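I have placed the structure first, in the form of structure tokens, so that the comments after it can refer back to it.
The values are calculated or read from the model by the stated rules, or taken from the named source; none is laboratory data. All of these numbers come straight from a predicted model, not from anything done at the bench. All Cβ positions, glycine included, derive from the backbone under ideal geometry; neighbour counts span all protein chains shown. Protein only, heavy atoms only, side chains kept; ligands, DNA and RNA dropped before computing areas. Shrake-Rupley method; radii C 1.70, N 1.55, O 1.52, S 1.80 Å.
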Amino acid sequence: MCGIVGYTGTNQAAPILLDGLGKLEYRGYDSAGIAIRNGEELAEVVKSTGKLRSLIEKTDSGRTLAGTCGIGHTRWATHGEPSQTNAHPHVSGNCSGSGSGQVESEVVGVHNGIIENYLELKEKLLRHGYQFYSDTDTEVVVKLIDYYYKKYKIGPVDAINRTLVRVRGTYALALMFRDYPGEIYAARKDAPMIIGITNGESYLASDVPALLNYTRNVYYIDNMQIARLLPGEVHFFDLNGDEVSLESTEITWDAKSAEKNGFEHFMIKEIYEQPDAVRDTLTSLIVDGRISLKDTGLDEDVLKSVSSFRIVACGSAWHVGMAAQYILEDMTGVPVRVELASEYRYRKILPQERELLIVISQSGETADSLAALRKAKDLGVRTLAVVNVVGSTIAREADHVLYTHAGPEIAVATTKAYSSQLIAMYCLAIQTAYDLGRIDDEKYAYYLSELNTIPEKIVRILEEKERIQWFAAKYSNARDIFYIGRGLDYAISLEGSLKAKEISYVHSEAYAAGELKHGTISLIEENVLVIGVLTQDDLFEKTVSNMVECKARGAYLMALTTYGNYNAEDSASFTVYVPKTDPHFMASLAVVPLQLLGYYIGVARGLDVDKPRNLAKSVTVE
């Protein structure tokens, strides 16, 4: 959940670390800190509370800190409230940990994850004379490394190994040792960590955007492995301390995609990037007029053998799964079940024979989704990952991988990754339906032609954003918003409601329209905003009827429908239209006005829409 960076080379480290943290601030922004080594000198630690700009100001953009080796961290609090004392880096010495300056400590470290048995480990260390200045689990693990390092008089790799076998939980660690100037040590378990090497310089980070300006060749360190970084080289070790080799991966993302490029916020920039993200994902999957799943290993025999689909995901990715459920079942006739990953991992699962479990995750590191994947594999279930990050943990551990091509997504609230995931699921549904003989060549070609129109239709929707901006300003003080729809429109409503919650902090709920009268309608009162999603023609009249019931109780109605359904204006006070496409694919178009609505309400309320409170981009802890 937090952001980690590291650098060792020939250049001044602090500006590079601050630049990398700026690219990772979406992963945590309640405090930040850096630790710099200048040759044989003691490490100098600087920490601050609040957003990264406080640390940048405190260090004069890093210019006040000499040294060519360092680590940095931007925090999303798990253990211990946001404060300068609890901010990372943490040190092994018995000091206050709250101030800035040189530290007389053997080990300095930063950490992403949760150490579940930290209280047990802390008690052990207290018995051996260690004192603690913070409330964090990170300080415990740093001091435990220091304990083994000193007790057994061993090197950093062996000290880290002894620590890792005692630790329960998830972690990505970056550490510096006083006796090893110019070196950084890293370790991970179920939390992302990547390492880049180029021209006598070495970098590490918890996500790709931090490295894009410096190198494209990266290593994804495996679970329970340790890395030793020196300027321009890296060595990997297993838990036995034996050196192992890893293959590098080339990152193809454009560095400019991690910049705002003139937009006020990353979120609106990424909304506008959706046509390209959709087009790039289609281009990767449609070759010479046919869907190609060759790179996934899902050939015709595999798809024809699937008896059922089970989709597991979290947040917006789960909403993609909800939409895909309607599409897959309708096109293929194969049963589909959609599960929250956090529920799947703790439920007694009865997998079906020849079931295909699909894990959807933008980062490929989502903790609950990764745990669900591993549980499915333990049960002998075939797995498919739909992810955006090449080399991510979920991508590496799944049996099959279907990559989306959204590029880096910086805003916490997903937009273009959601749209790319929808496209991936459309293509899977179409190809499965064709292989099963449920659709013929003519229908197959029709579906592909409809998919290829989606990018331009999203552009048309964005050209009408001023109407939504006006409406958002009008309703920016709303206390409650209800989104309703039936069938696929219900799945769209779920994502629209989440955008309002995340970005504008307005209480919002999405309901299957037919369920309103089973209790929820009691919440409808004067001027409550009810948004009806009406893209499925066969369900249009029934949902309008539900909207009218709300209107009779004082609700203000907004309708979201397709061009041609102008009679929606007879019931709704405000109507938003989107272009028509095949009904299966309407989520790709209908979601865009709802993204814009959430964004503009947040802006009108003066909120930081890129970094909403209490949220971080990639949930890598439980």
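Data overview
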{"read-out": "On Cα atoms only, tilt of 441-462 relative to the major axis of the chain in degrees", "value": "70 degrees"}
{"read-out": "Under 5 Å, built H, 5+ apart or other chain: amide partners of ALA385", "value": "VAL359, HIS400, VAL401, LEU402"}
{"read-out": "Helix-only mean residue ellipticity at 222 nm for the chain, each DSSP H run of n ≥ 4 adding -39500 (n - 2.57), per residue, nearest 500", "value": "-11000 deg cm²/dmol"}
{"read-out": "Kirkwood-Stokes translational diffusion coefficient of region 539-622, alpha-carbon pairs, 37 °C, 0.692 mPa s, µm²/s", "value": "214 µm²/s"}
{"read-out": "Mean Cβ neighbour count within 10 Å, used as a protection proxy, ranking 355-365, 316-326, 396-406 highest first", "value": "355-365, 316-326, 396-406"}
{"read-out": "Among the listed pairs LYS58/LYS611; LYS122/LYS189; LYS269/LYS416; LYS23/LYS611; LYS499/LYS611; LYS375/LYS416, those beyond 18 Å (Cα-Cα)", "value": "LYS58/LYS611; LYS122/LYS189; LYS375/LYS416"}
{"read-out": "Ratio of the Cα radius of gyration of the chain to 2.2 N^0.38 Å, where N counts its residues", "value": "1.00"}
{"read-out": "3J(HN,Hα) from dihedral phi, region 282-287, Karplus parametrisation 6.51/-1.76/1.60, rounded to Hz, x for glycine, proline", "value": "4, 4, 6, 10, 10, 10"}
{"read-out": "Under 22 Å from LYS542, Cα to Cα: lysines that are on another chain or at least 8 residues apart", "value": "LYS517, LYS551, LYS580"}
{"read-out": "Environment charge of HIS235, counting only residues whose C-beta is closer than 9 Å and scoring Lys/Arg +1, Asp/Glu -1", "value": "-1"}
{"read-out": "Among LEU285, VAL165, SER545 the positive-end extreme of the charge dipole of the chain (Cβ point charges)", "value": "VAL165"}
{"read-out": "Equivalent ellipsoid dimensions for region 121-191 as semi-axes, Å, which come from the Cα gyration tensor, largest first", "value": "18, 16, 12"}
{"read-out": "Cα gyration tensor shape of region 254-343, rounded if a/c is under 1.5, else prolate or oblate by comparing a/b with b/c", "value": "oblate"}
{"read-out": "Which of LEU298, LEU42 is most accessible, then next, and so on - probe 1.4 Å", "value": "LEU42, LEU298"}
{"read-out": "Crossing angle, helix 416-435 versus the chain [Cα axis fit, 0-90 degrees, rounded to tens]", "value": "60 degrees"}
{"read-out": "log10 of Debye I(q)/I(0), alpha-carbon scatterers only, for region 189-301 at 0.10, 0.19, 0.23 Å⁻¹", "value": "-0.47, -1.05, -1.18"}
{"read-out": "Surface share of carbon and sulfur [accessible, 1.4 angstrom probe, percent] for region 390-464", "value": "46 percent"}
{"read-out": "5 angstrom amide H check on ILE311, placed H, neighbours 5+ away", "value": "ARG337, VAL338, GLU339, ILE358"}
{"read-out": "Projected label distance in nm at GLU300 and ASP537, using a 7 Å step from Cα toward the beta-carbon", "value": "3.3 nm"}
{"read-out": "Size of charge dipole - region 507-622 - debye, nearest 20, with Cβ of Lys, Arg +1 and Asp, Glu -1, no other charges", "value": "320 debye"}
{"read-out": "Span from the region 35-75 Cα centroid across to the region 86-152 one, whole angstrom", "value": "19 Å"}
{"read-out": "Crossing angle, helix 465-474 versus the chain [Cα axis fit, 0-90 degrees, rounded to tens]", "value": "80 degrees"}
{"read-out": "Alpha-carbon Debye profile of region 316-356, log10 I(q)/I(0) at 0.25, 0.33 Å⁻¹", "value": "-0.98, -1.11"}
{"read-out": "Accessible area in the full protein assembly, largest first, 1.4 Å probe, for GLU450, GLU120, GLU104", "value": "GLU104, GLU120, GLU450"}
{"read-out": "Kirkwood estimate for region 74-194, i.e. one over the average of 1/r between Cα atoms, Å", "value": "14.3 Å"}
{"read-out": "Burial order of peptide ranges 143-150, 595-602, 197-204 (average beta-carbon count within 10 Å, highest first)", "value": "595-602, 143-150, 197-204"}
{"read-out": "Which of LYS457, LYS58, LYS542 is most accessible, then next, and so on - probe 1.4 Å", "value": "LYS542, LYS58, LYS457"}
{"read-out": "Accessible solvent surface per residue of the chain, calculated while the other protein chains remain in place, 1.4 angstrom probe, Å²", "value": "36 Å²"}
{"read-out": "Region 409-486 versus region 552-588: alpha-carbon centroid distance in Å", "value": "15 Å"}
{"read-out": "Given charges at Cβ of Lys, Arg, Asp, Glu: region 102-217 dipole, positive-most of PHE177, SER134, TYR147", "value": "TYR147"}
{"read-out": "Hz values of 3J(HN,Hα) by residue in region 356-365 - Karplus curve (6.51, -1.76, 1.60), Gly and Pro given as x", "value": "10, 9, 10, 9, 10, 7, 4, 7, x, 10"}
{"read-out": "Mean separation of Cα contacts under 8 Å, 6 or more apart, over the residue count of the chain: relative contact order %", "value": "12 percent"}
{"read-out": "Leading residue at positive end of dipole, the chain (Cβ point charges), from THR64, VAL578, LEU21", "value": "THR64"}
{"read-out": "Förster radius 60 Å - calculated FRET efficiency between ARG63 and LYS377, Cβ distance, rounded to 0.05", "value": "0.75"}
{"read-out": "Within the accessible area of region 315-370 (1.4 Å probe), percent carbon and sulfur", "value": "48 percent"}
{"read-out": "Region 498-622, accessible surface, carbon-and-sulfur percent (1.4 angstrom probe)", "value": "47 percent"}
